[in-house]
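Each value in this text was obtained by applying a stated rule to the coordinates, not by laboratory testing. The structure presented is a predicted model; accordingly, all values stated were derived computationally and were not measured. Cβ: placed from backbone, ideal geometry, glycine included. Neighbour counts: every protein chain shown.
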Amino acid sequence: MSTPDSPKTILITGAAGGLGGALARQCAERGAQLVLLDRDKRGLGRVCTEVETAGAPAPGFCDVDLCTLNPENCNELITGIVESYGALHGLVHCAARFDGLQPMDQVAGDAWLEHVQVNLNAPWLLAQTALPALRSANGVMIFSINEEAGQGAAYWGPYGATQGALRSMASTFAEETAGTGCHVFCLDPGPMRTGIRAKAYHSEDPSSVPAPEAAASRYCELLFETGTSSAG
């Protein structure tokens, strides 16, 4: 567990994206030891520079494609974090795959499988593998979901299907970990000015929706102020 002199160690997936990057910057302002994961190596480098500029410890840098995540390399990742930093206090699932709105019968088979891998399999695998470390650190795990997409409406395709499944999975983790030392939350950040939203709302004026920093502050409250309850 962290002490007043040791920073909280937090793993953020999708850290080069809009929400992940905003969350990383806000966690850095609180002095967290970050481990940033994304397949976008250039984007990760930019966020790492912003984190260090904020005066936080140099973040861990994991340019990992969640399409390739499996039990072996996931275990290596979590074990390496705990060995390097002494604990894992937070895991935030911000990564998501979304190729745009389309009818179900037009989704390519490989695209469907990749959506399921990135949006559902990888979060489950990371959560399961990290759970012992989070329990021992009285840690926090946050799943990011899109409630609108997960309602089964037309054209949301594999993204929508996986959002509904992710919501169910997060709730199951929350119930099963209640009172165990790991606090599990499921958050819908709401409309944000991100690349994913732009794929669904082509004609929307980006300035009409909030920047992701507002949603990131809600995540920070859970990461740094939680200590007594779980919620799904």
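A straight chain from E213 to T172 at 0.36 nm per residue would run longer than the Cα-Cα distance by 12.0 nm.
Relative to the current alpha-carbon distance between K199 and V82, full extension at 0.36 nm per residue lengthens the span by 38.5 nm. Name the residue farthest towards the positive end of the dipole of the stretch 9-225 from the options Y219, A198, L77, assuming +1 on Cβ of Lys and Arg, -1 on Cβ of Asp and Glu, about the Cα centre. Towards the positive end, the residue furthest out is Y219. Packing around the peptides 166-172, 140-146, taken as the average count of other Cβ atoms within 10 Å per residue, puts them in this order, highest first: 140-146, 166-172.
Sorting 19-32, 96-109, 59-72 by their mean Cβ neighbour count within 10 Å, with the most densely packed peptide first, gives 19-32, 59-72, 96-109. Pairs of alpha carbons in the stretch 9-225 separated by more than 33 Å make up 11% of all such pairs.
Shown here are the Rg and Dmax of the Cα trace of the stretch 73-177, at 15.3, 48 Å. In a fully extended conformation the segment linking T49 and C67 would gain 3.9 nm over its present Cα-Cα distance, using 0.36 nm per residue. Principal axis extents of the C-alpha atoms in the stretch 61-113 (largest first, rounded to whole Å): 48, 20, 15.
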